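Everything on this sheet refers to the single structure shown next.
Just so you know, all these numbers are worked out from the coordinates, no wet-lab data involved. What you see is a predicted model; the values in this text were computed from it and never measured. Here the Cβ positions follow ideal geometry from the backbone for every residue, glycine too, while neighbour counts run over all protein chains shown.
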Amino acid sequence: MFDDLIKPNIKAMKAYTIEAPPCSIRLDANESPYGFPLGRFSIPTNRYPDPEALSLRKILAAKWGVKPECILHGNGSDELIYYLLIAVGGPVLIPTPTFAMYRIIADSLSERTHMVPLDGQFDLDTKAMLAAIKEHNPKLIFLSRPNNPTGNSFTRERAIEIIEHAGGLVVLDEAYQQFATQGVSNPRRKGDSFIELLPRYRNLLVMRTLSKIGLAALRLGFAIGDKSLIEAINKVRLPYNVSSLSQTAAIEILRDEASIDRSIQSIVTERGRLFAELSRLNGIEAYHSEANFILFKLKADNRLTADDLHKRLIANDILIKKLSGGGQNNPLDNCFRVTVGMPTENTAFITSIRKIIEETHK
Ligand SMILES: *Cc1c(COP(=O)(O)O)cnc(C)c1O
């Protein structure tokens, strides 16, 4: 009935649905298993939130060693991807497989996208990326580092090479940076963020989110970059995009940095155990991860189908993410992404999948 009203590019899109069978062990959405207690705080419910979220931005600016003017706040980093695509637009260059929202938002705004497959190690294919930069002259390039859903961090030098050759903006989406461990020369830096490269590259923008470290309910994401760039993107931001509740709660929780760090440490330790256990299973290949989840694949010799495994885990009250391959020879065919949960949840998952595999191969 609304066929004539809806724009053709929107009609052509598939709705992004989030499947959620009612399982009690939920390892499907890269959430932290650890939430944080909130005290009672009073909020003037009749007033709009601080449109600039200044107190919160100041706290994060100090933490990241940048000026508050270099930070833009979003209702989750998803919203910032939206703003970027509105303010900058395409063509957009996206290495795949990666986070789906870059493509979905670009499609919804009718911006042209070019996909470049990652190499066999899920690393950036520098040669192909540089060729695509030359051919399409993209205004936006999205690099998720560590990458969702593959879990690895693209080689730092390769990402830098792309930044140096790009005429447009390169967005380093560091949603999982706190879980990364590769190339840590200074242990206090906890991972190798690209924030420190911001003074060197004006076409670099770093994105962070609080969603993966236990504050997903608040919907808070941030873009960090050149002051004049942040000011330009800020023009398309909706004035009251982050609620007072979220701002106040985040400020309170961020005060207890030690608790957040402990939860991250626990997830990193459990990730090591989960990886070792998964690698030991027959017919499964687990991929090295620097994020809070692990990608694994049912190998061709496995008698179990991906659908079967997914359903049987759900029957055991455990939900993980089945990735859709979408066509032959897709690198994500027969792949799953499992979020690292609490130790008890990880043990339940491992016990369950081991049993399912043993039963199939009897
Ligand atoms: C989860 C995720 C996000 C989304 O973050 P929000 O702040 O919750 O919108 C952004 N980028 C990547 C790569 C993610 O995996």
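Below are the figures for this structure:
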{"quantity": "Net lengthening on full extension, I6/R112 (0.36 nm per residue, minus Cα-Cα)", "calculated": "36.3 nm"}
{"quantity": "Proxy reagent accessibility, fewest Cβ within 10 Å first, across K7, K227", "calculated": "K7, K227"}
{"quantity": "Convex hull volume per residue in cubic angstrom - Cα atoms of the chain", "calculated": "165"}
{"quantity": "Cβ-defined net charge surrounding R26, 13 Å radius [Lys, Arg +1; Asp, Glu -1]", "calculated": "-3"}
{"quantity": "Inter-part distance where the range 53-102 and the range 128-168 are each reduced to a Cα centre, Å", "calculated": "17"}
{"quantity": "Extreme residue, positive dipole direction of the chain, given options A291, L245, N9 (C-beta unit charges)", "calculated": "L245"}
{"quantity": "In nm, spacing of pseudo-spin labels at Y240 and F36 (7 Å Cα→C-beta vector)", "calculated": "2.5"}
{"quantity": "Where labels lie 7 Å past Cα in the beta-carbon direction, separation of E135 and A258 in nm", "calculated": "5.5"}
{"quantity": "Cα pair distances in the range 54-255, grouped into 10 Å bins until the bin that holds the longest one, percent each", "calculated": "9, 37, 39, 14, 1"}
{"quantity": "Candidates P149, P49, P95, ranked by Gaussian network fluctuation over the chain, Cα under 10 Å, top entry", "calculated": "P49"}
{"quantity": "Hull shadow area, averaged, the range 207-336 [alpha-carbon convex hull, nm²]", "calculated": "11.9"}
